[in-house]
Amino acid sequence: MVEFAPLSVPLERRLQTFAVLQLIFSYLVLYLVCYIVFIGLLFTRFWMISILYAIWWYLDRATPRRGGRQSALLRGATIWKYLKDYFPISLVKTAELDPSRNYLAGFHPHGVLATGAFANLCTEGTGFSSVFPGIRSHLMLMYCCFWVPVFRDYAMSAGLVSSDEESAVQILSRKRGGNLLSIVVGGVQESLTARPGAYKLVLRNRKGFIRLALTHGADLVPIFSFGENDIYDQVENSPGTWVRWFQDRLHKSTKCSIPLFYGRGVFQYSFGLMPYRRPITTVVGKPIEVQKTPHPSQEEVDRLHQRYIKELENLFEAHKLKYNVPKDQHLEIC
């Protein structure tokens, strides 16, 4: 039986729903709309708009790999406050970040759409600049996303940068410091296991970000987002099912995959692509001091990787009871 939303929903909650709806639209549809409009204009009397944008696009093609181009206006927009209040989402600091240093953060878990990562690190919805004064936040996104016209500019305005080594080097090598570069380490593979009550992280063999931290002397920051996996359900896709077989094959061939997720609707609460109203609390751990090692050995990488995992586990254990995680629940690192 479908549970419909009451007609007397307060305007505040409607605005929260709208804020989340536009984010879902941006994730799932906006890139396609941008392509259709860009190509469609070429067959109208407004064709010059697409030509001029194509020239700009070509001249600006390297920007996503050079630290991006943030917009304080977009990051501070009021709509992100409503996005934060929908769940709600909160940002918790456990230690200060020195503005004279650069930091490389691992964000865990990915969740279905990395909602907590975007809200906390790409907007001022939870007051990032007030919580960490003097720190400029960047979040990595797949490079292919920056080949979408207009969408690329929107993404960069929020602080998203290309997820490749060149991009990381540009940010972590800045001598003045004050930069936080965050990587959702588990990636798409981890998103396939994101469902309520799941604490499985794809991290055991993810060591590239550790090597980057050593090479540039960037302190490592573990971040765990409690509730990230709770806002959506997924179609049953455990190993051995045909759904998981398809998802794994798609990931192997394209490096992308499709989590078949579902939640609630806009005007009813029984089904749809809107996330559930469940809290997300993103806890930023204490930085792990890293000595600059221009050419780290595999042994040095492995040693720091093990320390990072230990600090992440300690962060999870220290805070889990506050956020309704069972006492006997522990992280599963794979």
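Observations, loosely collected:
- Once region 233-255 is narrowed to residues that are touching a Leu at 6+ places or on another chain (Cβ under 8 Å) and part of a loop (DSSP other than H, G, I, E, B), the residue that is surrounded by the fewest Cβ atoms within 10 Å (Cβ to Cβ) is 235.
- Selection within region 81-94 - of a type in the set (Ser, Thr, Tyr) and outside any loop (DSSP other than H, G, I, E, B): 82, 86, 90
- Residue satisfying all of: in region 67-96; open to solvent by less than 50 Å² (accessible area, probe 1.4 Å) and in contact with a strand residue (DSSP E or B) (Cβ under 6 Å, 6 or more places away or on another chain); nearest to residue 166 (Cα to Cα) among these: 68
- Of all residues in region 268-324, those that are closer than 20 Å to residue 113 by Cβ, in a helix (DSSP H, G or I) and not aromatic (Phe, Trp, Tyr) total 0.
- Residue that is modelled with the highest pLDDT, among those in region 256-281 that are of a type in the set (S, T, N, Q) and surrounded by 15 or more Cβ atoms within 10 Å (Cβ to Cβ): 281
- Subset of region 168-177 [farther than 18 Å from residue 71 by Cβ and touching a strand residue (DSSP E or B) at 6+ places or on another chain (Cβ under 7 Å)]: 168, 172
- Applying a threshold of 8 Å to beta carbon distances and a minimum spacing of six or more residues, or different chains, the list of pairs starting in region 9-27 at a residue that is without any contact (Cβ under 8 Å) to a residue 60 or more places away in the chain and ending at one that is of a type outside the set (Asp, Glu) reads 22/79.
- Checked against the criterion of being surrounded by fewer than 14 Cβ atoms within 10 Å (Cβ to Cβ) and more than 16 Å from residue 276 (Cα to Cα), the candidates 26, 8 yield just one match: 8.
- Only one of the numbered conditions (1) farther than 30 Å from residue 15 by Cα; (2) loosely packed, with under 13 Cβ neighbours inside 10 Å; (3) at pLDDT 95 or above; (4) not hydroxyl-bearing (Ser, Thr, Tyr) is violated by residue 307, and that is (2).
- Residue pairs meeting the criteria (Cβ under 6 Å; at least 6 apart or on separate chains; first of a type outside the set (D, E, K, R), in region 61-75; second open to solvent by 40 Å² or more (accessible area, probe 1.4 Å) and in a loop (DSSP other than H, G, I, E, B)): 63/69
- Residue match in region 233-250 (condition: closer than 28 Å to residue 164 by Cβ, under 19 Å from the mean Cα position of the chain (by Cα) and not acidic (Asp, Glu)): no
- Pairs with Cβ under 7 Å, 6+ apart, first in region 238-263 and at negative phi, second open to solvent by 40 Å² or more (accessible area, probe 1.4 Å) and of a type in the set (S, T, N, Q): 244/238; 251/189
- Screening 158, 119, 194, 114 for residues that are open to solvent by less than 50 Å² (accessible area, probe 1.4 Å) and on the phi > 0 side of the Ramachandran plot leaves exactly one candidate, 114.
The values are calculated or read from the model by the stated rules, or taken from the named source; none is laboratory data. All figures in this text were calculated on a predicted structure; none of them were measured in a lab. All Cβ positions, glycine included, derive from the backbone under ideal geometry; neighbour counts span all protein chains shown. Side chains included, ligands, DNA and RNA excluded: accessible areas come from the protein's heavy atoms. Shrake-Rupley method; radii C 1.70, N 1.55, O 1.52, S 1.80 Å.
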